[in-house]
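S.K.: Structure incoming, see below.
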């Protein structure tokens, strides 16, 4: 009874968005159920307790993640997060990502193995970059002011210093993290997500200082895309080229490199409107390896049909929409960018995962947040929601206070 009362007070006192909470908790619980269901197909090859272990692991990370979500929603204060703390956190994430080279899982060095658990440091890096770049893009341009009274020499020095701190330094942070993902961890998918999120934050910044840099940045991004297309053989490894080939010609090698992609399609087409029924998937029995992970949406659609797809797509869309809505309403640049970053984090993962499984884009091995098996991604996603709720609660309290003052 006390726990229920405390939970109710948590919702009432903080001014957080109950709809976002409801959608997040629903997705986490839905994910637990579907992970247990999808893991059953691997029990024959991995052992009879494989599904139980996956289910318990996900339950543990969801419980811990929900605890952190409520903690951050109550305790997170944007002004308390100093530049030093963010840079130290970035450095720790980089060191953890470099440490991953000691373990090889699924042909990449993206995980740290600790007993029965694996940790994916790049997931922490995603949230760290959002908070760090929100500070740089939202705060620093206004802190470094260039007075017209200064001499030309001093003014030029300040102009260069501001460009280094506000433009070149964040670009270095993003490129460095991307290169570690690509070259060290062999995980280009996560590296591209870091790059896309950073690009979204850069172009979303309201600071007028970045206006000329946005034009240069847009030209630069288009140039990089052109270079990548022309010289993709240099940038991509053989297995990455195979994924693109599978995407362009999915029916070319259905029993080889395209086996998983084709069976993912079959899972989608088997579902129809209401699916084959919960637990009745055929594809999870060895046809889709690691069905509880990146391809879990295929199992959901096969068993629950378009209704099952809507069951996770609609709550996702609601979370993303409400985060963007609050972001556009909030005036503080740093908090605005943090919400945009977290909304982009969920949006990019949703589009890349569903797009990859359905064949709209090449498969990159990106999890479906809160639903795919993956403790680190689940934990970070819930922490991200907690941080967003802290910012939303602050905005709602200020809005309520303004309404009270106007009524007096």
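S.K.: Among the candidates 314, 371, 361, 318, which residue alone is closer than 28 Å to residue 243 by Cβ and surrounded by fewer than 19 Cβ atoms within 10 Å (Cβ to Cβ)?
M.R.: Only one candidate qualifies: 361.
S.K.: Take region 99-153 and flag every residue that is without any contact (Cβ under 8 Å) to a residue 60 or more places away in the chain, more than 30 Å from residue 337 (Cβ to Cβ) and over 22 Å from the mean Cα position of the chain (by Cα).
M.R.: 102, 103, 104, 114, 115, 149, 151, 152, 153
S.K.: Is it the case that residue 356 is buried (at least 19 other Cβ atoms within 10 Å of the Cβ), at pLDDT below 95, on the phi > 0 side of the Ramachandran plot and part of a helix (DSSP H, G or I)?
M.R.: No, not satisfied.
S.K.: Residue by residue through region 182-198, note down the ones that are within 15 Å of the chain's Cα centre (by Cα), in a helix (DSSP H, G or I) and farther than 21 Å from residue 384 by Cα.
M.R.: Correct list: 188 only.
S.K.: Just to be sure before I move on: is residue 256 loosely packed, with under 12 Cβ neighbours inside 10 Å, touching a residue at least 60 places away in the same chain (Cβ under 8 Å) and not in a helix (DSSP H, G or I) in the structure I sent?
M.R.: In short, no.
S.K.: Suppose the filter is out of contact with any helix residue (DSSP H, G or I) (no Cβ under 7 Å at 6 or more places or on another chain), at pLDDT below 80 and under 17 Å from residue 186 (Cα atoms); does residue 105 pass it?
M.R.: Yes; evaluated as a whole, the condition is true for this residue.
S.K.: Return the only residue of 222, 226, 201 being under 30 Å from residue 111 (Cβ atoms), in a helix (DSSP H, G or I) and out of contact with any strand residue (DSSP E or B) (no Cβ under 6 Å at 6 or more places or on another chain).
M.R.: 201
S.K.: Condition first: modelled with pLDDT under 85 and assigned to a loop (DSSP other than H, G, I, E, B). Now tell me which residues in region 137-180 satisfy that.
M.R.: 144, 145, 146, 147, 148, 149, 150, 151
S.K.: Scanning region 253-270 for residues that are farther than 15 Å from residue 354 by Cα and in contact with a helix residue (DSSP H, G or I) (Cβ under 7 Å, 6 or more places away or on another chain), which turns out modelled with the lowest pLDDT?
M.R.: 257
S.K.: If you don't mind, there's one more thing I want to ask. From the set of residues in region 221-242 that are at pLDDT 80 or above and under 24 Å from the mean Cα position of the chain (by Cα), which is farthest from residue 192 (Cα to Cα)?
M.R.: This residue is 222.
S.K.: Test residue 365 against the stated conditions and say whether it is touching a helix residue (DSSP H, G or I) at 6+ places or on another chain (Cβ under 6 Å) and within 15 Å of residue 123 (Cα to Cα).
M.R.: So residue 365 passes the test.
S.K.: Got at least one residue in region 120-127 being touching a strand residue (DSSP E or B) at 6+ places or on another chain (Cβ under 9 Å), surrounded by 12 or more Cβ atoms within 10 Å (Cβ to Cβ) and in a helix (DSSP H, G or I)?
M.R.: yes
S.K.: Is there a residue in region 368-378 that is farther than 24 Å from residue 321 by Cβ, touching a strand residue (DSSP E or B) at 6+ places or on another chain (Cβ under 6 Å), touching a residue at least 12 places away in the same chain (Cβ under 8 Å) and in a helix (DSSP H, G or I)?
M.R.: So far as region 368-378 goes, yes, one or more of its residues are farther than 24 Å from residue 321 by Cβ, touching a strand residue (DSSP E or B) at 6+ places or on another chain (Cβ under 6 Å), touching a residue at least 12 places away in the same chain (Cβ under 8 Å) and in a helix (DSSP H, G or I).
The values are calculated or read from the model by the stated rules, or taken from the named source; none is laboratory data. All values derive from a computational prediction rather than experimental measurement. When we count neighbours, we look across all protein chains shown, and the Cβ atoms used for this are built from the backbone with ideal geometry, even at glycine.
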